[in-house]
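The values are calculated or read from the model by the stated rules, or taken from the named source; none is laboratory data. Only a predicted model underlies this, so the values are computations on that prediction, with no experimental measurement involved. Here the Cβ is made from the backbone with ideal geometry for all residues, glycine too, and neighbour counts use every protein chain on show.
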(Lines give C-alpha, C1' and ligand atoms only; values in the text may rest on other atoms or scores of the structure.)
Protein backbone atom coordinates (compact mmCIF):
# COMPACT_ATOMS: atom_id res chain seq x y z
CA UNK A 1 0.00 0.00 0.00
CA UNK A 2 2.58 2.55 1.09
CA UNK A 3 4.79 1.81 -1.93
CA UNK A 4 2.22 3.68 -4.03
CA UNK A 5 1.70 6.59 -1.62
CA UNK A 6 2.90 9.90 -3.07
CA UNK A 7 0.67 12.30 -1.10
CA UNK A 8 1.69 11.42 2.47
CA UNK A 9 -1.71 10.08 3.54
CA UNK A 10 -3.48 6.78 2.99
CA UNK A 11 -6.81 8.47 2.16
CA UNK A 12 -5.11 10.16 -0.83
CA UNK A 13 -3.69 6.97 -2.37
CA UNK A 14 -4.98 6.56 -5.94
CA UNK A 15 -3.66 3.04 -6.66
CA UNK A 16 -5.47 1.15 -5.19
CA UNK A 17 -8.28 3.75 -5.50
CA UNK A 18 -8.64 4.68 -1.82
CA UNK A 19 -9.17 8.34 -2.69
CA UNK A 20 -12.26 7.39 -4.71
CA UNK A 21 -13.38 5.01 -1.97
CA UNK A 22 -13.44 7.90 0.52
CA UNK A 23 -16.07 9.56 -1.65
CA UNK A 24 -18.04 6.33 -2.01
CA UNK A 25 -18.26 5.85 1.76
CA UNK A 26 -19.24 9.48 2.31
CA UNK A 27 -22.04 9.10 -0.23
CA UNK A 28 -23.14 5.81 1.36
CA UNK A 29 -23.54 7.53 4.76
CA UNK A 30 -24.87 10.76 3.18
CA UNK A 31 -22.05 12.78 4.70
CA UNK A 32 -19.45 15.04 3.07
CA UNK A 33 -16.03 13.78 4.12
CA UNK A 34 -14.60 10.55 5.51
CA UNK A 35 -11.41 9.23 7.07
CA UNK A 36 -10.49 5.71 8.09
CA UNK A 37 -9.35 5.41 11.68
CA UNK A 38 -7.72 2.94 14.03
CA UNK A 39 -11.12 1.65 15.15
CA UNK A 40 -14.37 3.36 16.08
CA UNK A 41 -12.82 4.43 19.39
CA UNK A 42 -10.14 6.41 17.54
CA UNK A 43 -12.89 8.15 15.57
CA UNK A 44 -14.61 9.22 18.80
CA UNK A 45 -11.33 10.35 20.32
CA UNK A 46 -10.56 12.38 17.17
CA UNK A 47 -13.85 14.27 17.26
CA UNK A 48 -13.51 15.05 20.96
CA UNK A 49 -9.87 16.06 20.56
CA UNK A 50 -10.49 18.47 17.70
CA UNK A 51 -14.00 19.79 18.45
CA UNK A 52 -13.65 20.26 22.22
CA UNK A 53 -11.32 21.94 24.69
CA UNK A 54 -10.11 20.40 27.99
CA UNK A 55 -12.71 21.09 30.68
CA UNK A 56 -15.62 21.13 28.21
CA UNK A 57 -18.64 18.91 28.79
CA UNK A 58 -19.83 15.98 26.69
CA UNK A 59 -23.40 14.72 27.09
CA UNK A 60 -23.81 11.03 26.29
CA UNK A 61 -26.32 8.25 26.80
CA UNK A 62 -25.93 6.08 29.89
CA UNK A 63 -25.55 2.95 27.73
CA UNK A 64 -22.63 4.34 25.73
CA UNK A 65 -19.72 2.00 25.05
CA UNK A 66 -16.85 2.28 27.52
CA UNK A 67 -14.63 3.70 24.77
CA UNK A 68 -16.91 6.75 24.57
CA UNK A 69 -16.16 7.46 28.22
CA UNK A 70 -12.44 6.83 27.78
CA UNK A 71 -12.29 9.06 24.71
CA UNK A 72 -13.72 11.88 26.80
CA UNK A 73 -11.40 11.11 29.71
CA UNK A 74 -8.34 11.05 27.46
CA UNK A 75 -9.29 14.52 26.21
CA UNK A 76 -9.85 15.88 29.76
CA UNK A 77 -13.56 16.39 29.18
CA UNK A 78 -16.38 16.30 31.72
CA UNK A 79 -19.18 13.78 31.23
CA UNK A 80 -22.90 14.19 31.84
CA UNK A 81 -25.09 11.13 31.25
CA UNK A 82 -28.56 10.99 29.80
CA UNK A 83 -30.29 8.33 31.94
CA UNK A 84 -32.19 5.38 30.51
CA UNK A 85 -35.58 4.18 31.69
CA UNK A 86 -34.19 1.13 33.50
CA UNK A 87 -35.43 -2.45 33.50
CA UNK A 88 -36.83 -3.89 31.31
CA UNK A 89 -36.69 -1.48 28.32
CA UNK A 90 -33.60 0.65 29.05
CA UNK A 91 -35.05 3.30 26.74
CA UNK A 92 -33.30 6.61 25.95
CA UNK A 93 -35.64 9.61 25.61
CA UNK A 94 -34.50 12.31 23.19
CA UNK A 95 -36.05 15.03 25.33
CA UNK A 96 -33.72 14.07 28.16
CA UNK A 97 -30.87 15.38 25.99
CA UNK A 98 -32.57 18.79 26.02
CA UNK A 99 -32.91 18.66 29.79
CA UNK A 100 -29.24 17.76 30.23
CA UNK A 101 -28.15 20.52 27.82
CA UNK A 102 -30.01 23.03 29.97
CA UNK A 103 -28.54 21.61 33.17
CA UNK A 104 -25.03 21.90 31.76
CA UNK A 105 -25.60 25.49 30.65
CA UNK A 106 -26.95 26.47 34.07
CA UNK A 107 -23.97 24.86 35.79
CA UNK A 108 -21.19 26.03 33.47
CA UNK A 109 -22.57 29.09 31.73
CA UNK A 110 -22.29 27.51 28.30
CA UNK A 111 -23.86 24.60 26.41
CA UNK A 112 -22.08 21.24 26.08
CA UNK A 113 -19.28 21.09 23.55
CA UNK A 114 -20.60 17.82 22.14
CA UNK A 115 -23.46 15.33 22.40
CA UNK A 116 -22.95 11.64 21.73
CA UNK A 117 -25.66 9.06 21.10
CA UNK A 118 -25.05 5.34 20.76
CA UNK A 119 -27.28 4.53 17.79
CA UNK A 120 -27.63 0.89 18.85
CA UNK A 121 -26.36 0.03 22.32
CA UNK A 122 -24.13 -2.99 22.74
CA UNK A 123 -25.99 -4.47 25.73
CA UNK A 124 -29.65 -4.64 24.73
CA UNK A 125 -29.61 -3.83 21.02
CA UNK A 126 -31.99 -0.89 21.37
CA UNK A 127 -32.22 1.23 18.24
CA UNK A 128 -32.31 4.76 19.64
CA UNK A 129 -34.11 7.61 17.89
CA UNK A 130 -31.09 9.34 16.40
CA UNK A 131 -33.19 11.69 14.28
CA UNK A 132 -35.01 13.01 17.34
CA UNK A 133 -31.76 13.47 19.29
CA UNK A 134 -30.17 15.12 16.25
CA UNK A 135 -33.06 17.58 16.06
CA UNK A 136 -32.63 18.45 19.75
CA UNK A 137 -28.92 19.03 19.13
CA UNK A 138 -29.77 21.30 16.20
CA UNK A 139 -32.22 23.28 18.29
CA UNK A 140 -29.61 23.82 21.03
CA UNK A 141 -26.70 24.28 18.60
CA UNK A 142 -24.76 21.37 20.12
CA UNK A 143 -22.58 19.31 17.74
CA UNK A 144 -23.90 15.75 17.40
CA UNK A 145 -21.71 12.63 17.26
CA UNK A 146 -23.55 9.41 16.38
CA UNK A 147 -21.82 6.14 17.28
CA UNK A 148 -22.93 3.62 14.65
CA UNK A 149 -20.64 0.72 15.60
CA UNK A 150 -23.67 -1.60 15.63
CA UNK A 151 -25.68 0.02 12.83
CA UNK A 152 -23.83 1.48 9.83
CA UNK A 153 -22.76 -1.30 7.52
CA UNK A 154 -25.68 -3.58 8.36
CA UNK A 155 -28.64 -1.18 8.27
CA UNK A 156 -29.35 2.08 6.44
CA UNK A 157 -27.79 5.16 8.07
CA UNK A 158 -28.41 8.59 6.53
CA UNK A 159 -26.29 11.15 8.34
CA UNK A 160 -28.02 14.24 6.95
CA UNK A 161 -31.49 12.88 7.74
CA UNK A 162 -30.35 12.14 11.30
CA UNK A 163 -28.86 15.65 11.67
CA UNK A 164 -25.47 14.16 12.52
CA UNK A 165 -22.37 16.35 12.48
CA UNK A 166 -20.18 13.29 12.94
CA UNK A 167 -20.68 9.57 12.39
CA UNK A 168 -18.26 6.99 13.70
CA UNK A 169 -18.45 3.38 12.63
CA UNK A 170 -16.62 0.10 13.10
CA UNK A 171 -15.21 -1.59 10.02
CA UNK A 172 -14.47 -4.85 11.80
CA UNK A 173 -17.82 -4.99 13.63
CA UNK A 174 -20.39 -4.02 11.04
CA UNK A 175 -18.62 -3.45 7.71
CA UNK A 176 -17.20 -6.98 7.25
CA UNK A 177 -13.56 -5.85 7.31
CA UNK A 178 -10.57 -7.21 9.18
CA UNK A 179 -9.63 -5.21 12.25
CA UNK A 180 -8.73 -2.81 13.42
CA UNK A 181 -10.39 -0.16 11.31
CA UNK A 182 -12.97 2.52 11.96
CA UNK A 183 -14.85 5.09 9.90
CA UNK A 184 -15.21 8.77 10.73
CA UNK A 185 -17.60 10.78 8.58
CA UNK A 186 -18.40 14.46 8.95
CA UNK A 187 -19.86 17.48 7.16
CA UNK A 188 -18.13 20.21 5.20
CA UNK A 189 -18.78 22.55 8.13
CA UNK A 190 -16.63 20.41 10.44
CA UNK A 191 -14.20 18.79 8.01
CA UNK A 192 -11.54 21.50 8.24
CA UNK A 193 -11.68 21.47 12.03
CA UNK A 194 -11.65 17.72 12.65
CA UNK A 195 -9.20 16.95 9.86
CA UNK A 196 -7.00 19.96 10.58
CA UNK A 197 -3.50 19.69 9.14
CA UNK A 198 -0.27 20.00 11.07
CA UNK A 199 1.30 23.46 11.49
CA UNK A 200 4.21 22.48 13.72
CA UNK A 201 7.76 23.44 12.67
CA UNK A 202 11.04 22.13 13.97
CA UNK A 203 12.74 25.04 15.75
CA UNK A 204 16.17 24.04 14.43
CA UNK A 205 15.49 22.04 11.28
CA UNK A 206 12.45 24.00 10.10
CA UNK A 207 10.78 20.73 9.21
CA UNK A 208 7.01 20.82 8.69
CA UNK A 209 4.35 18.24 7.86
CA UNK A 210 1.63 20.30 6.28
CA UNK A 211 -0.21 17.41 4.59
CA UNK A 212 -0.48 15.40 7.78
CA UNK A 213 -3.73 15.53 9.78
CA UNK A 214 -3.28 15.87 13.52
CA UNK A 215 -6.19 13.72 14.73
CA UNK A 216 -5.29 10.96 12.28
CA UNK A 217 -1.78 10.72 13.80
CA UNK A 218 -0.54 12.16 10.52
CA UNK A 219 -1.68 9.14 8.57
CA UNK A 220 -4.14 6.82 10.27
CA UNK A 221 -2.55 3.36 10.75
CA UNK A 222 -5.03 1.40 8.64
CA UNK A 223 -2.88 0.94 5.57
CA UNK A 224 -2.62 -2.57 4.17
CA UNK A 225 -5.02 -5.36 5.06
CA UNK A 226 -7.66 -3.44 7.05
CA UNK A 227 -8.45 -0.87 4.37
CA UNK A 228 -8.19 -3.36 1.50
CA UNK A 229 -10.67 -5.68 3.23
CA UNK A 230 -12.98 -2.73 3.87
CA UNK A 231 -12.86 -1.91 0.16
CA UNK A 232 -13.36 -5.55 -0.84
CA UNK A 233 -16.41 -5.89 1.42
CA UNK A 234 -18.00 -2.60 0.47
CA UNK A 235 -20.15 -3.78 -2.49
CA UNK A 236 -21.65 -6.54 -0.31
CA UNK A 237 -22.18 -4.05 2.53
CA UNK A 238 -24.03 -1.64 0.23
CA UNK A 239 -26.25 -4.50 -0.95
CA UNK A 240 -26.97 -6.05 2.43
CA UNK A 241 -28.30 -2.88 4.07
CA UNK A 242 -31.16 -3.03 1.56
CA UNK A 243 -32.40 -6.20 3.27
CA UNK A 244 -32.41 -4.92 6.84
CA UNK A 245 -36.16 -5.36 7.27
CA UNK A 246 -35.77 -9.08 6.57
CA UNK A 247 -33.11 -9.34 9.28
CA UNK A 248 -35.36 -7.60 11.81
CA UNK A 249 -38.23 -9.97 11.00
CA UNK A 250 -35.97 -12.96 11.71
CA UNK A 251 -34.98 -11.41 15.03
CA UNK A 252 -38.61 -10.88 16.00
CA UNK A 253 -39.42 -14.48 15.12
CA UNK A 254 -36.50 -15.63 17.27
CA UNK A 255 -37.78 -13.57 20.22
CA UNK A 256 -41.26 -15.04 19.84
CA UNK A 257 -39.84 -18.57 19.97
CA UNK A 258 -37.54 -18.05 22.94
CA UNK A 259 -40.23 -16.29 24.95
CA UNK A 260 -42.25 -19.51 24.73
CA UNK A 261 -39.73 -20.93 27.20
CA UNK A 262 -40.68 -20.51 30.84
CA UNK A 263 -38.61 -17.78 32.50
CA UNK A 264 -37.33 -16.30 29.24
CA UNK A 265 -37.78 -12.59 28.61
CA UNK A 266 -36.28 -10.34 25.95
CA UNK A 267 -34.87 -7.24 27.59
CA UNK A 268 -34.79 -3.89 25.83
CA UNK A 269 -37.41 -2.19 23.71
CA UNK A 270 -40.13 -4.17 21.95
CA UNK A 271 -40.78 -5.05 19.22
CA UNK A 272 -37.15 -5.56 18.23
CA UNK A 273 -35.77 -3.11 15.70
CA UNK A 274 -32.31 -4.65 15.65
CA UNK A 275 -30.87 -8.15 15.48
CA UNK A 276 -28.76 -7.86 18.64
CA UNK A 277 -30.85 -9.01 21.61
CA UNK A 278 -30.47 -9.74 25.29
CA UNK A 279 -32.49 -12.42 27.08
CA UNK A 280 -33.17 -12.85 30.75
CA UNK A 281 -33.30 -16.59 31.37
CA UNK A 282 -34.01 -17.20 35.05
CA UNK A 283 -35.18 -20.79 34.52
CA UNK A 284 -31.87 -21.72 32.88
CA UNK A 285 -30.01 -19.95 35.65
CA UNK A 286 -31.72 -22.19 38.21
CA UNK A 287 -30.58 -25.22 36.21
CA UNK A 288 -27.04 -23.84 36.06
CA UNK A 289 -26.94 -23.44 39.83
CA UNK A 290 -27.34 -27.21 40.18
CA UNK A 291 -25.28 -28.32 37.18
CA UNK A 292 -21.59 -29.11 37.73
CA UNK A 293 -20.79 -26.95 34.70
CA UNK A 294 -22.50 -24.01 36.38
CA UNK A 295 -23.03 -21.10 33.97
CA UNK A 296 -21.02 -22.87 31.30
CA UNK A 297 -23.63 -25.57 30.83
CA UNK A 298 -25.60 -23.51 28.28
CA UNK A 299 -22.49 -22.89 26.19
CA UNK A 300 -21.70 -26.61 26.13
CA UNK A 301 -25.31 -27.64 25.44
CA UNK A 302 -25.38 -25.35 22.42
CA UNK A 303 -21.97 -26.52 21.25
CA UNK A 304 -23.22 -30.13 21.30
CA UNK A 305 -25.85 -28.96 18.83
CA UNK A 306 -23.18 -27.32 16.64
CA UNK A 307 -24.06 -23.78 17.74
CA UNK A 308 -21.22 -21.52 18.82
CA UNK A 309 -20.88 -17.82 19.52
CA UNK A 310 -22.64 -17.48 22.86
CA UNK A 311 -20.36 -16.01 25.52
CA UNK A 312 -19.17 -18.84 27.80
CA UNK A 313 -20.34 -18.69 31.40
CA UNK A 314 -23.62 -16.90 30.75
CA UNK A 315 -26.94 -18.40 31.80
CA UNK A 316 -28.88 -15.83 33.84
CA UNK A 317 -28.92 -13.52 30.86
CA UNK A 318 -27.12 -13.59 27.55
CA UNK A 319 -26.71 -11.67 24.31
CA UNK A 320 -27.31 -13.20 20.91
CA UNK A 321 -27.40 -11.86 17.37
CA UNK A 322 -29.24 -13.51 14.49
CA UNK A 323 -27.85 -11.20 11.80
CA UNK A 324 -26.91 -13.01 8.62
CA UNK A 325 -28.48 -16.34 9.54
CA UNK A 326 -30.82 -17.94 7.06
CA UNK A 327 -34.44 -18.46 8.17
CA UNK A 328 -33.93 -22.21 8.67
CA UNK A 329 -30.82 -21.51 10.77
CA UNK A 330 -32.76 -19.09 12.98
CA UNK A 331 -35.44 -21.75 13.38
CA UNK A 332 -32.80 -24.36 14.25
CA UNK A 333 -31.17 -22.19 16.93
CA UNK A 334 -34.54 -21.31 18.47
CA UNK A 335 -35.46 -24.99 18.47
CA UNK A 336 -32.17 -25.86 20.16
CA UNK A 337 -32.93 -23.50 23.05
CA UNK A 338 -36.38 -25.02 23.41
CA UNK A 339 -34.91 -28.52 23.33
CA UNK A 340 -32.34 -27.63 26.02
CA UNK A 341 -35.11 -26.19 28.17
CA UNK A 342 -37.32 -29.28 27.81
CA UNK A 343 -34.42 -31.62 28.56
CA UNK A 344 -33.94 -29.84 31.89
CA UNK A 345 -37.60 -29.87 32.87
CA UNK A 346 -38.44 -26.33 31.84
CA UNK A 347 -41.84 -25.95 30.22
CA UNK A 348 -42.19 -24.63 26.66
CA UNK A 349 -45.43 -23.36 25.14
CA UNK A 350 -46.72 -25.19 22.06
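Can you tell me which residue is surrounded by the most Cβ atoms within 10 Å (Cβ to Cβ) among those in the range 299-323 that are outside any loop (DSSP other than H, G, I, E, B) and in contact with a strand residue (DSSP E or B) (Cβ under 7 Å, 6 or more places away or on another chain)? Walk me through how you get there before you give the answer.
Restricting attention to the range 299-323, the residues satisfying the condition of being outside any loop (DSSP other than H, G, I, E, B) are 299-304, 317-321.
Within this subset, residues satisfying the condition of being in contact with a strand residue (DSSP E or B) (Cβ under 7 Å, 6 or more places away or on another chain) are 317-321.
Working: 317: 15, 318: 18, 319: 17, 320: 21, 321: 17.
Per the stated criteria, the residue is 320.
If you go through the range 4-20 one residue at a time, do you hit one that is under 23 Å from the mean Cα position of the chain (by Cα), more than 18 Å from residue 218 (Cβ to Cβ) and in a helix (DSSP H, G or I)? Steps first, please.
Initial filter on the range 4-20 (under 23 Å from the mean Cα position of the chain (by Cα)): 11.
Next, from what is left, pick out any that are more than 18 Å from residue 218 (Cβ to Cβ): none.
Taking every residue of the range 4-20 in turn, none turns out to be under 23 Å from the mean Cα position of the chain (by Cα), more than 18 Å from residue 218 (Cβ to Cβ) and in a helix (DSSP H, G or I).
Give all pairs with beta carbons closer than 7 Å in which a residue from the range 19-32 that is free of Cβ contacts under 8 Å to residues at least 40 places away in the same chain meets a residue that is assigned to a helix (DSSP H, G or I); count only pairs at least 6 apart in sequence or on separate chains.
19/11; 19/12; 22/11
Using the structure shown, decide if residue 171 is over 23 Å from residue 112 (Cα atoms), assigned by TED's automatic domain parsing to the domain that holds residue 34 and touching a residue at least 40 places away in the same chain (Cβ under 8 Å). Give the steps one after another, and end with the answer.
Values: over 23 Å from residue 112 (Cα atoms): yes; assigned by TED's automatic domain parsing to the domain that holds residue 34: yes; touching a residue at least 40 places away in the same chain (Cβ under 8 Å): yes.
When the stated conditions are applied, residue 171 passes them.
Are any of the residues in the range 148-160 surrounded by fewer than 22 Cβ atoms within 10 Å (Cβ to Cβ) and either out of contact with any helix residue (DSSP H, G or I) (no Cβ under 7 Å at 6 or more places or on another chain) or more than 18 Å from residue 241 (Cα to Cα) (or both)? Quick ask: steps written out before the conclusion?
At the first step, the residues of the range 148-160 found to be surrounded by fewer than 22 Cβ atoms within 10 Å (Cβ to Cβ) are 156, 158, 160.
When the remaining residues are screened for being either out of contact with any helix residue (DSSP H, G or I) (no Cβ under 7 Å at 6 or more places or on another chain) or more than 18 Å from residue 241 (Cα to Cα) (or both), the result is 158, 160.
Yes: one or more hits.
Test residue 58 against the stated conditions and say whether it is modelled with pLDDT of 95 or more, crowded, with 19+ Cβ neighbours inside 10 Å, in contact with a strand residue (DSSP E or B) (Cβ under 6 Å, 6 or more places away or on another chain) and within 20 Å of residue 76 (Cα to Cα).
Details: modelled with pLDDT of 95 or more: yes; crowded, with 19+ Cβ neighbours inside 10 Å: yes; in contact with a strand residue (DSSP E or B) (Cβ under 6 Å, 6 or more places away or on another chain): yes; within 20 Å of residue 76 (Cα to Cα): yes.
Criteria met by residue 58.
Residue check: is residue 169 outside any helix (DSSP H, G or I), in contact with a strand residue (DSSP E or B) (Cβ under 8 Å, 6 or more places away or on another chain) and modelled with pLDDT of 95 or more? Steps first, answer last, please.
Numbers: outside any helix (DSSP H, G or I): yes; in contact with a strand residue (DSSP E or B) (Cβ under 8 Å, 6 or more places away or on another chain): yes; modelled with pLDDT of 95 or more: yes.
Spelling it out, residue 169 is indeed outside any helix (DSSP H, G or I), in contact with a strand residue (DSSP E or B) (Cβ under 8 Å, 6 or more places away or on another chain) and modelled with pLDDT of 95 or more.
Taking the condition surrounded by fewer than 23 Cβ atoms within 10 Å (Cβ to Cβ), assigned by TED's automatic domain parsing to the domain that holds residue 195, closer than 18 Å to residue 226 by Cβ and in contact with a strand residue (DSSP E or B) (Cβ under 8 Å, 6 or more places away or on another chain), does residue 22 pass? Step through it out loud before you land on a result.
On the way: surrounded by fewer than 23 Cβ atoms within 10 Å (Cβ to Cβ): yes; assigned by TED's automatic domain parsing to the domain that holds residue 195: yes; closer than 18 Å to residue 226 by Cβ: yes; in contact with a strand residue (DSSP E or B) (Cβ under 8 Å, 6 or more places away or on another chain): yes.
Judged against the criteria, residue 22 is a match.
When you look at residue 228, is it surrounded by 15 or more Cβ atoms within 10 Å (Cβ to Cβ), closer than 26 Å to residue 16 by Cβ, touching a residue at least 24 places away in the same chain (Cβ under 8 Å) and not assigned by TED's automatic domain parsing to the domain that holds residue 41, yes or no?
On the way: surrounded by 15 or more Cβ atoms within 10 Å (Cβ to Cβ): yes; closer than 26 Å to residue 16 by Cβ: yes; touching a residue at least 24 places away in the same chain (Cβ under 8 Å): yes; not assigned by TED's automatic domain parsing to the domain that holds residue 41: yes.
Answer is yes for this residue.
Among the residues in the range 1-15, are any buried (at least 22 other Cβ atoms within 10 Å of the Cβ) and at pLDDT 95 or above?
Looking through the range 1-15, none of the residues is buried (at least 22 other Cβ atoms within 10 Å of the Cβ) and at pLDDT 95 or above.
Determine, yes or no, whether residue 244 is assigned to a helix (DSSP H, G or I), in contact with a strand residue (DSSP E or B) (Cβ under 6 Å, 6 or more places away or on another chain) and either more than 18 Å from residue 171 (Cβ to Cβ) or not assigned by TED's automatic domain parsing to the domain that holds residue 164 (or both). Quick ask: steps written out before the conclusion?
Values: assigned to a helix (DSSP H, G or I): yes; in contact with a strand residue (DSSP E or B) (Cβ under 6 Å, 6 or more places away or on another chain): yes; either more than 18 Å from residue 171 (Cβ to Cβ) or not assigned by TED's automatic domain parsing to the domain that holds residue 164 (or both): yes.
It is true that residue 244 is assigned to a helix (DSSP H, G or I), in contact with a strand residue (DSSP E or B) (Cβ under 6 Å, 6 or more places away or on another chain) and either more than 18 Å from residue 171 (Cβ to Cβ) or not assigned by TED's automatic domain parsing to the domain that holds residue 164 (or both).
Please go through (1) part of a loop (DSSP other than H, G, I, E, B); (2) free of Cβ contacts under 8 Å to residues at least 40 places away in the same chain for residue 177 and return the number of the only condition it doesn't satisfy.
For residue 177, the failing item is (2).
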